[in-house]
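K.L.:
Dumping the structure here so I can ask a few things about it.
The values are calculated or read from the model by the stated rules, or taken from the named source; none is laboratory data. Quantities reported herein were computed from a predicted structural model and do not represent experimental measurements. Note that we place each Cβ from the backbone using ideal geometry, even for glycine, and neighbour counts take in every protein chain shown.
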Amino acid sequence: MNRRAALAAGTAVVGTALGGIVVGEYEGDTSPAVPPLSATGTLLEDTDRETTYYELGGGDDGPTGVIIGGVHGDEVNGYRAAEAILDWTLAKGSLIVVPWADVAAIRANSREGPDGDLNRKFPAGEEPKTELARALWNLIVDTQPEIVVDLHRSRGIFETHDRWVGQAIFPTATGDALEHAETLVQDLNDEIVPRTLRFHRFTVGNELGGNRPMIIHKVGADLGTAGYIVELTEFLLDLETQVDWTTLIAARLLGAHGIERVAADR
Amino acid sequence: MTSDWVDRYWQLAAGSGVWAVFGVLTLPFVAATVDVRLTTPLAGPGYVLFVGLTIVGERIVPQYKLVVYWVPFLVSCYLLSVVVAGIVRAMRD
């Protein structure tokens with residue numbers, strides 16, 4: 001009910017919010033992947049942080065998920081995968097997609113926007129630290145999701161390169177998120193990662209319990225909802241593969257929580 | 001005599017055998033990085049060498065982006081090629 005109310009209130013702008021935006025590699029009036037959708041809304045309307053979100057599905061009482069891309073503006077796979085998801089038709093459940101969470105950072109093709117790193121503005125148990133973070137958080141709360149997925153990439157590979165976290169899925173310490181992540185990682189390594197690229201095999205990262213001020217930490221700690229940080233790597237992995245794998249991972253995670261695409265989309 | 005030595009060093013440093021080994025080390029690996037669907041087992045040696053360089057390099061000079069490792073990778077591949085081609089040539093002679 002809250003999700004519907006939030007969406008109804010946020011549907012003031014439909015299909016025009018991207019006018020003039022230069023999104024990452026794309027330059028033009030709109031992003032290339034903006035199909036007509038059942039409902040859209042905007043966060044921080046009429047500001048330089050204004051960004052659009054979309055609802056897919058919603059034709060049943062199934063679970064709802066939230067997909068977030070573009071929290072870091074230079075992690076192209078995240079917002080391009082989110083754009084690809086906008087093309088889906090759902091067979092079950094519904095989905096809120098925020099493809100370009102930090103539009104200013106995406107425009108600058110930099111990790112951080114004018115207010116700093118958006119994914120460091122979500123302390124558990126407290127109000128988010130910036131206006132954009134609060135708007136995004138309120139959308140998540142109003143949506144009452146079963147699952148939240150935040151799409152990222154890293155320079156290097158988790159547990160191969162000391163500082164980097166790529167090729168890993170980080171689940172919340174909530175419900176069966178860890179179990180789903182473990183199953184997914186095994187399937188990905190069996191199905192899509194070439195055997196030769198052994199260091200690019202996916203791993204399950206540490207469980208997220210709210211000890212860092214990140215969106216998914218807060219989702220787990222404050223909402224008790226399953227959430228996942230999806231981290232691909234740009235290391236030796238071409239962009240199209242990054243996008244394809246990110247999209248596939250999102251689909252599998254959503255499917256594990258009962259949100260499924262129609263077969264024709266697969 | 002001088003010409004003979006120049007020819008020997010040229011063969012050692014830039015003979016066809018050197019470039020053949022260099023190609024085997026680099027081309028399948030480069031193809032895999034261009035499109036992961038082009039990955040073959042032949043990419044394995046170059047892949048392991050590149051990843052190994054980054055693992056070591058990240059600990060010594062963590063400020064560098066991983067893309068800079070293409071330079072030491074190509075140099076390493078060339079030196080390996082000289083060694084391998086030299087060994088093959090010595091065994092053949």
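K.L.:
Check residue A:216 against each of (1) surrounded by fewer than 22 Cβ atoms within 10 Å (Cβ to Cβ); (2) within 18 Å of the chain's Cα centre (by Cα); (3) not acidic (Asp, Glu) and name the one condition it does not meet.
P.N.:
(1)
For every residue, the table says whether it meets (1) out of contact with any strand residue (DSSP E or B) (no Cβ under 6 Å at 6 or more places or on another chain); (2) over 21 Å from residue A:234 (Cα atoms).
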| position | (1), (2) |
| --- | --- |
| A:46 | yes, yes |
| A:49 | yes, yes |
| A:54 | no, yes |
| A:66 | no, yes |
| A:70 | yes, no |
| A:97 | no, yes |
| A:102 | no, no |
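K.L.:
Can I ask one more? Which one of these is assigned to a helix (DSSP H, G or I) and away from chain B (no Cβ under 14 Å): A:227, A:220?
P.N.:
Sole residue among the options that is assigned to a helix (DSSP H, G or I) and away from chain B (no Cβ under 14 Å): A:220.
K.L.:
Separate question: Suppose we filter region A:190-213 for residues that are under 26 Å from residue B:44 (Cα atoms) and either within 14 Å of chain B (Cβ to nearest Cβ) or surrounded by fewer than 16 Cβ atoms within 10 Å (Cβ to Cβ) (or both); how many remain?
P.N.:
Counting residues in region A:190-213 that are under 26 Å from residue B:44 (Cα atoms) and either within 14 Å of chain B (Cβ to nearest Cβ) or surrounded by fewer than 16 Cβ atoms within 10 Å (Cβ to Cβ) (or both) gives 13.
K.L.:
Then there is this: All but one of (1) under 15 Å from the mean Cα position of the chain (by Cα); (2) within 14 Å of chain B (Cβ to nearest Cβ) hold for residue A:234, so report the exception by its number.
P.N.:
(1)
K.L.:
Going by what's in this entry, would residue A:206 be described as in contact with a Lys or Arg (Cβ under 8 Å, 6 or more places away or on another chain) and free of Cβ contacts under 8 Å to residues at least 60 places away in the same chain?
P.N.:
So residue A:206 does not fit the description; no.
K.L.:
Being of a type outside the set (Lys, Arg) and at positive phi narrows it down to one of A:227, A:209, A:258, A:220, so name that one.
P.N.:
Checking each option against the conditions leaves just A:258.
K.L.:
Name, by its number, the condition in (1) assigned to a loop (DSSP other than H, G, I, E, B); (2) in contact (Cβ under 8 Å) with a residue 24 or more places away in the chain; (3) farther than 22 Å from residue A:82 by Cα that does not hold for residue A:235.
P.N.:
With (1) assigned to a loop (DSSP other than H, G, I, E, B); (2) in contact (Cβ under 8 Å) with a residue 24 or more places away in the chain; (3) farther than 22 Å from residue A:82 by Cα applied to residue A:235, the lone miss is (3).
K.L.:
Just checking, which of B:92, B:37, B:59 is touching an Asp or Glu at 6+ places or on another chain (Cβ under 8 Å) and basic (Lys, Arg)?
P.N.:
Among B:92, B:37, B:59, only B:59 is touching an Asp or Glu at 6+ places or on another chain (Cβ under 8 Å) and basic (Lys, Arg).
K.L.:
So, in region A:228-265, how many residues would count as being farther than 18 Å from residue A:62 by Cβ and at pLDDT below 95?
P.N.:
Total satisfying the criteria: 1.
K.L.:
Is region A:183-195 home to any residue that is part of a strand (DSSP E or B), among the hydroxyl-bearing types (Ser, Thr, Tyr) and modelled with pLDDT of 95 or more?
P.N.:
no
K.L.:
OK, next. Does region A:243-266 include one or more residues that are over 20 Å from residue B:32 (Cα atoms), surrounded by 24 or more Cβ atoms within 10 Å (Cβ to Cβ), of a type outside the set (Gly, Ala, Ser) and without any contact (Cβ under 8 Å) to a residue 60 or more places away in the chain?
P.N.:
No: zero hits.
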